[in-house]
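**Q** Sharing a structure with you now.
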Amino acid sequence: MTFAELLLVMILSSATIGIILFIRRFLAGQLAPAWRYYLWFFLLGTLMLPFFPFKQFSMKHSLSIHHGHKVNIVSNSVSTDTHHTGWMNNFGTSVARINIPLLDELTKAVWITGVVIGLIVLLLTQLRLMLLINRAKPVHDKEINEIFLTCKTQLSIRKKIKLKQSAAVTSPFICGFFNTYLILPAATEKGSSLTNIKNVTLHELHHYKSRHVHWNYFFLFATVLHWFNPFVWYALKEMRLDREIACDAAVMRSLGNREEKNLDYGRTILHYAERLKQPQPDQIINSIRSSKRHLKKRIFHITCGIQYAKNLIWKTVVIFIVLGIVIASQIPVFSAASSSGEQYNIDGKNVAEEDLNRFFNSERSTFVLYSMKADKYYIHNKKQSMQRVSPNSTYKIFSALIALEAGVIQPTATDVEWDGSNYAYKTWNQNQNLQSAMKNSVTWYFQYLDQQVGKKTIQDMLEKYRYGNMDTSAKNFWLESSLKIAPFEQVELLRDFNKNSFGVKPAYRKAVKASMMLEKKGDAVLYGKTGTGIVNGKALNGWFIGFVETKSDTYYFAMNLRNGNGNATGSNAAKITLRILEEKQIYK
């Protein structure tokens, strides 16, 4: 469990607990005791939702802090025979980010440690309980056995339940997941009244009949998984109270719900509450005894008897439907988180998968190629081709197009004056136009364009282009931040841009396309843009996107390198792309 996952799980489970506590506090009169207990099953569902197989659960993109520290990272780790310079240089803007992988690993280690400790405690408690059961002796008292059998018959329980007694316990309890045992204190034969014996037997058998014994294990397991959330521990205690109140109500119905019978039953509970408490494995048993606070509430309900509110059934149904909707609404949250919320669907596309592992040293890298003539995509690493990541400087293509459509610049007037700030790259410290800014990937130029255009217009235009997840919520949204796009989408957008499917003025498209022109070889012209995502000084996300125009076809491509070694740069992505295009006889 990562840190972001833990926060999400804690928030949603705590919110569910809050809703249930609100219902118990203000709508208790609209629910029968058994249904108040059933409310907690919605919490059980919420607690188990994060562990459903929603693909791969990951939210590692969510926490980042951006600043303007500029770093020039150039890596020669990829062997190549090309001697390109200029447009292959890396012009990256580093962002500072909390070390999410380290934080995630620490969170996972602490969580697993807590779960293991919790499971060990439960296992030891279960072993202690099994030892207690093995040492317990059968009950030989004829009257007690007759009461036990009569109560079983009354509740229509046919399964064999073993009746035993032990000097190690002071109050009765029922336990066992597969083999069920009702354990009575050894002193039961000597000093207990037959009324107390009958009441306590009915109580424990109602626990069995309602499957409280079995469901208790599931609640305990869910609590262990969420050991870090104190609200879950509190909820477990409140669930036990509602379970006991529901069981008390069931016993009172079995006794006829008459005042004198109810008072006798209340005295039975007090009788066992007053006895000396020896240590018992309370976590995994269903004992009649309770804490002092819970005991007061139980006695209050017993003295009030079973009250049936008017229109109880439909009110219960409404409450459960509303709560069910609340829980169901959490499923898309976990489902979205399972795919990082950033997975692009390519179902129905004409796709052929290729093995280009010889060009890569990372399983997280991908290459997408589209042939306009064949109308077909050729993909290496299909899974990663659908994964949305930050576009970094590749976004500058559409930043320029948006600025042109918004009238911030014109095809013949793209100059922006340098403000005198000292940047790490010499080529940035001068006035810029669209051609020079695109060639040298001048971040301040495109940030200026975005500022002049305005966030709302950018958002509208990205929605028009269908650009990735279209999330511009962060300040520097395209620098390892909120805006994300899949390599497959990059190829589709470049195709739509070159075909002018967006319906922009031809002069605007022509100006942006001219700024993307990199070089020529024979009758082939290469257009493209590199991008390097630098986090804490390490290049972790390298892009090269573009297209090659030939006489016979136009090929669109997107290369995305991702690794943790710090050499996932735009220049390396470009070098590998050129080798692949050369091997395919597309650009040589």
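**Q** Can you tell me how many residues in the range 381-402 are open to solvent by 10 Å² or more (accessible area, probe 1.4 Å), assigned to a helix (DSSP H, G or I) and touching a residue at least 24 places away in the same chain (Cβ under 8 Å)?
**A** Of the residues in the range 381-402, 2 are open to solvent by 10 Å² or more (accessible area, probe 1.4 Å), assigned to a helix (DSSP H, G or I) and touching a residue at least 24 places away in the same chain (Cβ under 8 Å).
**Q** I need the full set of residues from the range 176-200 which are at pLDDT 90 or above and surrounded by fewer than 15 Cβ atoms within 10 Å (Cβ to Cβ), in order please.
**A** Selection gives 179 alone.
**Q** Please count how many residues of the range 529-570 are part of a strand (DSSP E or B), of a type in the set (Ser, Thr, Tyr) and open to solvent by 30 Å² or more (accessible area, probe 1.4 Å).
**A** Selection size over the range 529-570: 1.
**Q** On to the next question. For the range 502-515, does any single residue satisfy the condition of being modelled with pLDDT of 95 or more and polar (S, T, N, Q)?
**A** Checked against the condition, which is being modelled with pLDDT of 95 or more and polar (S, T, N, Q), the range 502-515 yields at least one hit.
**Q** Scan the range 163-183 for residues that are of a type in the set (A, V, I, L, M, F, W, C) and without any contact (Cβ under 8 Å) to a residue 24 or more places away in the chain and report the count.
**A** Summing the residues that are of a type in the set (A, V, I, L, M, F, W, C) and without any contact (Cβ under 8 Å) to a residue 24 or more places away in the chain in the range 163-183 gives 2.
**Q** Report whether or not residue 159 is of a type in the set (D, E, K, R), assigned by the TED database to the domain that holds residue 266 and assigned to a loop (DSSP other than H, G, I, E, B). Before the answer, list the steps.
**A** Details: of a type in the set (D, E, K, R): yes; assigned by the TED database to the domain that holds residue 266: yes; assigned to a loop (DSSP other than H, G, I, E, B): yes.
Spelling it out, residue 159 is indeed of a type in the set (D, E, K, R), assigned by the TED database to the domain that holds residue 266 and assigned to a loop (DSSP other than H, G, I, E, B).
**Q** Could you check, for the range 341-356, whether at least one of its residues is open to solvent by less than 30 Å² (accessible area, probe 1.4 Å), in a helix (DSSP H, G or I) and touching a strand residue (DSSP E or B) at 6+ places or on another chain (Cβ under 6 Å)?
**A** No, because not a single residue in the range 341-356 is open to solvent by less than 30 Å² (accessible area, probe 1.4 Å), in a helix (DSSP H, G or I) and touching a strand residue (DSSP E or B) at 6+ places or on another chain (Cβ under 6 Å).
**Q** Hey, among 542, 570, 533, 522, which residue is in contact with a Ser or Thr (Cβ under 7 Å, 6 or more places away or on another chain), free of Cβ contacts under 8 Å to residues at least 40 places away in the same chain and not hydroxyl-bearing (Ser, Thr, Tyr)?
**A** 542
**Q** Kindly provide the set of residues from the range 415-453 that are small (Gly, Ala, Ser), closer than 20 Å to residue 571 by Cα and open to solvent by 40 Å² or more (accessible area, probe 1.4 Å), ordered by number. Write out each step before concluding.
**A** Filtering the range 415-453 down to residues small (Gly, Ala, Ser) leaves 420-421, 424, 436-437, 441.
If we keep only those that are closer than 20 Å to residue 571 by Cα as well, we get 424, 436-437, 441.
Selection gives 424 alone.
**Q** Moving on. Test of understanding: among 580, 534, 576, 545, which residue is β-branched (Val, Ile, Thr) and closer than 21 Å to residue 465 by Cβ? Don't jump to the end; show me each part of the working.
**A** On the way: 580 fails: closer than 21 Å to residue 465 by Cβ; 534 fails: closer than 21 Å to residue 465 by Cβ; 576 fails: closer than 21 Å to residue 465 by Cβ.
On inspection, the qualifying residue turns out to be 545.
**Q** Separate question: Answer yes or no as to whether residue 269 is in contact with a Lys or Arg (Cβ under 8 Å, 6 or more places away or on another chain) and either modelled with pLDDT of 75 or more or open to solvent by 20 Å² or more (accessible area, probe 1.4 Å) (or both).
**A** Yes, satisfied.
**Q** On the basis of being acidic (Asp, Glu) and either open to solvent by less than 30 Å² (accessible area, probe 1.4 Å) or within 23 Å of residue 358 (Cβ to Cβ) (or both), does residue 582 make the cut?
**A** yes
**Q** While we're here: With the requirement that a residue be open to solvent by less than 30 Å² (accessible area, probe 1.4 Å) and over 22 Å from residue 448 (Cβ atoms), what does the range 469-484 give you?
**A** Within the range 469-484, 484 is the sole residue that qualifies.
**Q** Here's another thing I want to ask about it. Against the definition (in contact with a strand residue (DSSP E or B) (Cβ under 9 Å, 6 or more places away or on another chain), of a type in the set (A, V, I, L, M, F, W, C) and open to solvent by less than 10 Å² (accessible area, probe 1.4 Å)), how does residue 367 come out, yes or no?
**A** Yes.
**Q** Applying the selection to the range 494-528, what residues are in contact with a strand residue (DSSP E or B) (Cβ under 8 Å, 6 or more places away or on another chain) and open to solvent by less than 20 Å² (accessible area, probe 1.4 Å)?
**A** 494, 516, 524, 526, 528
**Q** Tell me whether the range 358-369 contains one or more residues that are in the same structural domain as residue 497 (by the TED database), more than 31 Å from the chain's Cα centre (by Cα) and of a type in the set (Val, Ile, Thr).
**A** Among the residues of the range 358-369, not one is in the same structural domain as residue 497 (by the TED database), more than 31 Å from the chain's Cα centre (by Cα) and of a type in the set (Val, Ile, Thr), which makes the answer no.
**Q** Taking interchain pairs and intrachain pairs at least six residues apart, which have beta carbon atoms under 6 angstrom, with the first residue in the range 31-54 and under 11 Å from residue 327 (Cα atoms) and the second not in a helix (DSSP H, G or I)?
**A** 47/226
**Q** Here's a follow-up. How about the range 447-493: which of its residues are touching a strand residue (DSSP E or B) at 6+ places or on another chain (Cβ under 6 Å) and either not in a loop (DSSP other than H, G, I, E, B) or not assigned by the TED database to the domain that holds residue 402 (or both)?
**A** 448, 487, 488, 490, 491
**Q** Inspect the range 505-518 for any residue being of a type in the set (Phe, Trp, Tyr) and over 26 Å from residue 581 (Cβ atoms) and give the result as yes or no.
**A** Yes: one or more hits.
The values are calculated or read from the model by the stated rules, or taken from the named source; none is laboratory data. As the structure is a computational prediction, the values presented were derived from the model and not from experiment. Don't worry about glycine lacking a Cβ; one is built from the backbone with ideal geometry, like all the others, and counts go over all protein chains shown. For the accessible areas, the whole protein counts, side chains as well, though only heavy atoms, and no ligand, DNA or RNA atoms are used. Shrake-Rupley method; radii C 1.70, N 1.55, O 1.52, S 1.80 Å.
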